[in-house]
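Visitor: Quick one: structure below, then a few questions.
Only the coordinates and a few stated rules stand behind these numbers; no lab work does. Note that the structure is predicted; figures quoted are calculated from it, not measured. Here the Cβ positions follow ideal geometry from the backbone for every residue, glycine too, while neighbour counts run over all protein chains shown.
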Amino acid sequence: MKIGIIGGTFDPIHIGHLLLGQEALEKLQLDRVLFIPAGRPWMKANQKLSDKHHRLNMTREATKNNASFMVSDLEVKREGNSYSSETIEELSKEYDNTTQLFFIMGSEVLKSFPQWVNPIVILRRCTLTIVTRPGEQQPNLTAIQLAFPDEPLETVGLPVAQIGISSSELRARVRKGLPITHWVPLGVEQYIQNKGLYTTEEM
């Protein structure tokens, strides 16, 4: 089995995330794409986020009509900061070595990847799947190669279309009373309205 892993705060999840999942599913010939909302992302410790259960619920709502999409609550249930390495360790207990895990990440984080908590776990268990945009040069893997010279580095590129949508922009639109129809699935838009999310800076 081949499973793609897409982590993020998903605050809120939007069509860009879903299109990335679909592109990964098709181009990598995956069996499933696993969306994992972060509980308390350590790299965004100074940022105010929506309650993790809201973000989990929105992710479930956004993916419910795609049988190839799954949502994991591993990080939401975990106490303390969310670390990708711990998540991969837990997934490795759930899936044996016959399951190939594709850890999907943007090329912009490659330089900082060696500073993540215990990144060697990810390198040893996953195929690093680097998202590239149209016209983008080949991902620079130098930082990882220098930090882990003795580790085999299995990578694959995932070219995707440029979708000019960001979660921060969507939050700003909601605060201004502007519509986000077609930017997020209808169920997510309704969830945001029903819960009164993003109406103030404090969320």
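Visitor: Of the residues that make up region 44-56, is at least one free of Cβ contacts under 8 Å to residues at least 24 places away in the same chain and charged (D, E, K, R)?
Guide: So far as region 44-56 goes, yes, one or more of its residues are free of Cβ contacts under 8 Å to residues at least 24 places away in the same chain and charged (D, E, K, R).
Visitor: Of the residues Lys64, Lys93, which is more than 14 Å from the chain's Cα centre (by Cα), closer than 25 Å to Pro185 by Cα, among the basic types (Lys, Arg) and surrounded by fewer than 21 Cβ atoms within 10 Å (Cβ to Cβ)?
Guide: Answer to the check: Lys64.
Visitor: With (1) under 27 Å from Thr155 (Cα atoms); (2) in contact with a helix residue (DSSP H, G or I) (Cβ under 7 Å, 6 or more places away or on another chain); (3) in a helix (DSSP H, G or I) as the list, and Gly7 as the residue in question, which single condition is left unmet?
Guide: (3)
Visitor: I've got another one for you. Could you list, ordered by first residue, the pairs with Cβ atoms under 8 Å in which the first is in region 102-121 and small (Gly, Ala, Ser) and the second is surrounded by 13 or more Cβ atoms within 10 Å (Cβ to Cβ), at least 6 apart or interchain?
Guide: If the second residue must be surrounded by 13 or more Cβ atoms within 10 Å (Cβ to Cβ), the pairs left are Gly106/Ile130; Gly106/Val131; Ser107/Ile130; Ser107/Val131; Ser107/Thr132; Ser107/Glu136; Ser107/Pro139; Ser112/Ala143.
Visitor: In this structure, does Val71 turn out to be without any contact (Cβ under 8 Å) to a residue 12 or more places away in the chain and either under 30 Å from Val174 (Cα atoms) or surrounded by fewer than 17 Cβ atoms within 10 Å (Cβ to Cβ) (or both)?
Guide: Spelling it out, it is not the case that Val71 is without any contact (Cβ under 8 Å) to a residue 12 or more places away in the chain and either under 30 Å from Val174 (Cα atoms) or surrounded by fewer than 17 Cβ atoms within 10 Å (Cβ to Cβ) (or both).
Visitor: On the basis of being of a type in the set (A, V, I, L, M, F, W, C), closer than 24 Å to Asp31 by Cβ and not in a loop (DSSP other than H, G, I, E, B), does Ile122 make the cut?
Guide: The answer is yes for Ile122.
Visitor: Still on this structure: When the residues of region 161-182 are filtered to those that are surrounded by fewer than 19 Cβ atoms within 10 Å (Cβ to Cβ) and hydrophobic (A, V, I, L, M, F, W, C), which remaining residue is farthest from Ile104 (Cα to Cα)?
Guide: Per the criteria, the residue is Leu178.
Visitor: Another question about this same structure. I'd like to check something: does region 132-139 contain any residue that is of a type in the set (Lys, Arg) and either more than 18 Å from the chain's Cα centre (by Cα) or within 16 Å of Lys2 (Cα to Cα) (or both)?
Guide: Within region 132-139, not a single residue is of a type in the set (Lys, Arg) and either more than 18 Å from the chain's Cα centre (by Cα) or within 16 Å of Lys2 (Cα to Cα) (or both).
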